[in-house]
Amino acid sequence: MGNAVELKLVDAEAKPFDLASLKGKPVVVFLGFNQCTDVCPMKMQKLSIIRERIGAPFHDLRILFVTLDPDRDTPEALKAYFGSFPIPVIGLTGNATQIAGAAKQFDVFYETVRYSETEYTIDHTASLFLVDRNGKRAGTIGFDADEAEFQQKLESLLK
């Protein structure tokens, strides 16, 4: 259906991560940042809700969170952030070039918006990207997708 996806980043254990290691598993990829105050936590919350509706098949799904803020989202920060989540999430980081490459594969827009020299946020595309069991793009769940669409697309990916 879509293009093959390549992600070679660093996980929350500071170990190299390659998306190819998940071949055979359906994958959801979200690009965001830990200090996001609304969009990122909301997407993760929605995934938790949908997990309850889908039930056991949801456990086959792998959820990847690729940071758009590698300066603040170190492996340690990702581990602390996702350690308390109700669903398992693989937090990924890398250098600016690796992050830009990941964003480009999914056509994700992101831009740092500075409030001061040390304070900033990141405006970014807030979609979830679906990758099938063969490592190919298999669709998108847009920011404004309702729960029915969200669930239908995840169930389709899990088949």
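Quick notes on this one:
- Count of the stretch 79-98 residues which are of a type in the set (A, V, I, L, M), open to solvent by less than 10 Å² (accessible area, probe 1.4 Å) and under 12 Å from the mean Cα position of the chain (by Cα): 1
- Residue list for the stretch 128-159, restricted to those being of a type outside the set (A, V, I, L, M, F, W, C), in a loop (DSSP other than H, G, I, E, B) and touching a residue at least 40 places away in the same chain (Cβ under 8 Å): ASP132, ARG133, ASN134, GLY135
- Per-region count, the stretch 131-157, residues among the polar types (S, T, N, Q), more than 23 Å from LYS104 (Cβ to Cβ) and open to solvent by less than 50 Å² (accessible area, probe 1.4 Å): 1
- First in the stretch 1-17 and of a type in the set (S, T, N, Q), second anywhere and not in a loop (DSSP other than H, G, I, E, B), Cβ under 7 Å, 6 or more apart: ASN3/LYS136; ASN3/ARG137
The values are calculated or read from the model by the stated rules, or taken from the named source; none is laboratory data. Keep in mind the model is a prediction, meaning the values are calculated, not measured. Counting neighbours? That spans all protein chains shown, and the Cβs are built from the backbone with ideal geometry, glycine included. Accessible surface is based on the protein model in full, side chains and every heavy atom, while ligands, DNA and RNA are left aside. Shrake-Rupley method; radii C 1.70, N 1.55, O 1.52, S 1.80 Å.
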